[in-house]
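Asker: The structure follows.
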Amino acid sequence: MAAFNGGHDGVLKSLLDRLEGVTSRLEGLQGASGGFAPATAAHTPSSAAAAANDGASATLSTSVADYTSLTGPAVSSLVEAARPLGAEVVKASELVSKAFQAQAGVVQAMAQCKKPTPNELPALVAPVAEHMQAATALIEGRRSAIFNHQKAVAESLHALSWMVYTGPNCGVSLPAQHVEESWQSAEFFANKVMMEFRNSDSRHVDWVKALKQVFQQLKSYVKQHHAAGPAWNGIPFKDFKPDSPGAAAPSPVPASAPKPQPAAGPSRGGPAAPPPPPPGTLLQPKAPAGSTSSAAGASSSSMSAVFSQLNKGGTVTSGLKKVTDDMKTKNRADRSGAVPSSAPSATKSSTSAAGKAAVPTSAPPRTELVLGRKWCVENHTGNRSLTIDQTDAKQSVYIFNCSNCTVQVQGKVNAITLDSCSRTGLVFQDLVSSCEVVNCSSVEVQSTGVMPTIAIDKTDGIVLYLSEASLGVAITTAKSSAMNVVVPGNGDSDPLELPVPEQFVSTFRDGKLVTEAVMHSGA
């Protein structure tokens, strides 16, 4: 038994010796890399906690330093590329620089603080929002010669909204995806710049490439450090002081330079002392020219109001007015479909099926032949005796913005167009080519002679009367509803009314898509 105990003690002593050797080597490596001095063999809980805090501080400093190294050179290149292009392009590019400088303070807060409350977050991001609003103001009013440059900047700066991502249902995509989506919106205008200047001034093309590089670098940063959302850490947000030396992001420390030693060990549970600020980098806070404390306060309060509304969740709709039964479309008296006997003096123009508002009838009525080739019938209301009788086969008829009218076209004409009319009837004899009905509602078209084709587009409600001579007509329809065709009956029988299909079903058969009209049947 004694021999067994002696062998067991020897094995235990050997394991302890190996463990102490490994510990000594790790402490030596940590001391050589500029960390804390090697500790004694007897480790205390407080020394272990201090080492853990130092490791966390190093990780956070890496996040801020990466922001500097990734976005700083790209933003500087953008401003330099803008200088040969004029003061307006420089102004837009400097807004990008200022916005990224303001964002640096938010990145620093993420590295040092816990997640702020919904009331604290708007004040933190208000400086960034101020520069985004300034970029939007550049594109308001009369367009300048560099509108596409300014629009590309304004759209791309929306990418900085990744900082307010709070979860799947917050209205903002994940940070990396949001940055990519914002750049895709801006790229439309960036491509316009490249198309305009690619053969005349390559400096504009270089500016576009520099702008794209800025947001590619931003996407790389958020994908590396904030892939699942802003990564908050450390102290409570109320204890964060943006104006302290730690508010400016540190520049990357060379591998050969030792880390600065703290004057005194950090208190238990407190953060490590921040490193000194860099000598003039992109992320140093700069006061924007002409800014005042009152303007900053107004921006902060406006952003607070926006976020407070967003944070209401489902209760945001509690203040909406309730829709009563008499306000519902199915109960509205003005949608009964009945045509009044006389048009009111102030009748509103009806809207087309596609939602396009009809042109107001304030223009004077007009019926005239233009250059001997085209009859124009426009802006008539309540006229049931419009007649065009001096026609030939080379002329066309254009009927526009008529309401509660009847138009008769005698003789043979080349083509007839009925555009933006309501409750209007059209009667004609022979056509050489086609009749077109577009943007109309509740109209009737009758052919008493030959009509080769008719096209119906964006029309809500049409009745087409065909004669014996026009039964071979080709009817083309698009985005229209309530279409009926009336054809003569056999012998003395009544005319037959047939609906034009509006609903279709498509199936994939034998390698191709087959579309057929839906047929309804029932008892």
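The values are calculated or read from the model by the stated rules, or taken from the named source; none is laboratory data. Quick caveat, the model's predicted, so the values are computed rather than measured. So basically every Cβ, Gly included, is an ideal-geometry build from the backbone, and we count neighbours across all protein chains shown. The area values use the complete protein model at the heavy-atom level, side chains included, leaving out ligands, DNA and RNA. Shrake-Rupley method; radii C 1.70, N 1.55, O 1.52, S 1.80 Å.
Asker: Spot the failing condition for residue 11; the list is (1) surrounded by 13 or more Cβ atoms within 10 Å (Cβ to Cβ); (2) assigned to a helix (DSSP H, G or I); (3) at pLDDT below 65, and only one is missed.
Answerer: (1)
Asker: Confirm whether residue 172 is of a type outside the set (D, E, K, R) and part of a helix (DSSP H, G or I).
Answerer: no
Asker: If a residue must be within 25 Å of residue 68 (Cα to Cα) and open to solvent by 20 Å² or more (accessible area, probe 1.4 Å), how many such residues does the stretch 105-119 contain?
Answerer: Of the residues in that region, 4 qualify.
Asker: Take the residues of the stretch 187-205 that are acidic (Asp, Glu) and open to solvent by less than 80 Å² (accessible area, probe 1.4 Å): which is nearest to residue 115 (Cα to Cα)?
Answerer: The selected residue is 187.
Asker: Kindly indicate the residue of the stretch 402-425 that is under 16 Å from residue 382 (Cβ atoms) and open to solvent by less than 10 Å² (accessible area, probe 1.4 Å) and also nearest to the chain's Cα centre (by Cα) among those meeting that condition.
Answerer: Residue satisfying both the conditions and the ranking: 421.
Asker: Another one. Checking residue 85 against (1) open to solvent by 20 Å² or more (accessible area, probe 1.4 Å); (2) under 24 Å from residue 224 (Cβ atoms), only one condition comes out false. Which one?
Answerer: Status for residue 85: all satisfied but (2).
Asker: Let me ask something else about it. Checking the conditions here, which among 128, 164, 172 is β-branched (Val, Ile, Thr) and touching a Pro at 6+ places or on another chain (Cβ under 9 Å)?
Answerer: 164
Asker: If you don't mind, there's one more thing I want to ask. Could you go through the stretch 133-151 and let me know if any residue there is within 26 Å of residue 231 (Cβ to Cβ), crowded, with 21+ Cβ neighbours inside 10 Å and touching a Ser or Thr at 6+ places or on another chain (Cβ under 8 Å).
Answerer: no
Asker: If residue 162 satisfies all but one of (1) closer than 22 Å to residue 110 by Cα; (2) open to solvent by 50 Å² or more (accessible area, probe 1.4 Å); (3) modelled with pLDDT under 90, what's the number of the condition it fails?
Answerer: With (1) closer than 22 Å to residue 110 by Cα; (2) open to solvent by 50 Å² or more (accessible area, probe 1.4 Å); (3) modelled with pLDDT under 90 applied to residue 162, the lone miss is (2).
Asker: Which of (1) in contact with a helix residue (DSSP H, G or I) (Cβ under 8 Å, 6 or more places away or on another chain); (2) surrounded by fewer than 17 Cβ atoms within 10 Å (Cβ to Cβ) is the odd one out, the single condition residue 93 does not satisfy?
Answerer: (2)
Asker: Are there any strands (runs of 3 or more DSSP E) wholly within the stretch 473-523 with 2 or more residues that are open to solvent by 70 Å² or more (accessible area, probe 1.4 Å), in contact with a Cys (Cβ under 9 Å, 6 or more places away or on another chain) and of a type in the set (Asp, Glu), and if so which?
Answerer: Filter on the stretch 473-523 gives an empty set.
Asker: Does residue 463 satisfy being part of a strand (DSSP E or B), surrounded by 16 or more Cβ atoms within 10 Å (Cβ to Cβ) and of a type outside the set (Ser, Thr, Tyr)?
Answerer: In short, yes.
Asker: So which of 124, 70 is assigned to a helix (DSSP H, G or I), within 21 Å of residue 224 (Cβ to Cβ) and either of a type outside the set (Val, Ile, Thr) or open to solvent by 30 Å² or more (accessible area, probe 1.4 Å) (or both)?
Answerer: On inspection, the qualifying residue turns out to be 70.
Asker: Consider residue 474 carefully, then state whether it is hydrophobic (A, V, I, L, M, F, W, C) and on the phi < 0 side of the Ramachandran plot.
Answerer: So residue 474 passes the test.
Asker: Right, something else. Can you tell me which residues in the stretch 426-452 are in a loop (DSSP other than H, G, I, E, B) and either open to solvent by less than 20 Å² (accessible area, probe 1.4 Å) or under 12 Å from residue 467 (Cβ atoms) (or both)?
Answerer: Within the stretch 426-452, 440, 448, 449, 450, 451 qualify.
So that you can scan it fast, the table gives a plain yes or no per residue for (1) open to solvent by 10 Å² or more (accessible area, probe 1.4 Å); (2) among the hydrophobic types (A, V, I, L, M, F, W, C); (3) under 30 Å from residue 62 (Cα atoms); (4) free of Cβ contacts under 8 Å to residues at least 24 places away in the same chain:
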position	(1), (2), (3), (4)
131	yes, no, yes, no
171	yes, no, yes, no
179	no, yes, yes, no
185	yes, no, no, no
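Asker: Give the residue that is farthest from residue 194 (Cα to Cα), with candidates limited to residues of the stretch 130-180 that are basic (Lys, Arg) and more than 14 Å from the chain's Cα centre (by Cα).
Answerer: 142
Asker: Of all residues in the stretch 437-479, which are modelled with pLDDT under 90 and touching a Lys or Arg at 6+ places or on another chain (Cβ under 7 Å)?
Answerer: 479
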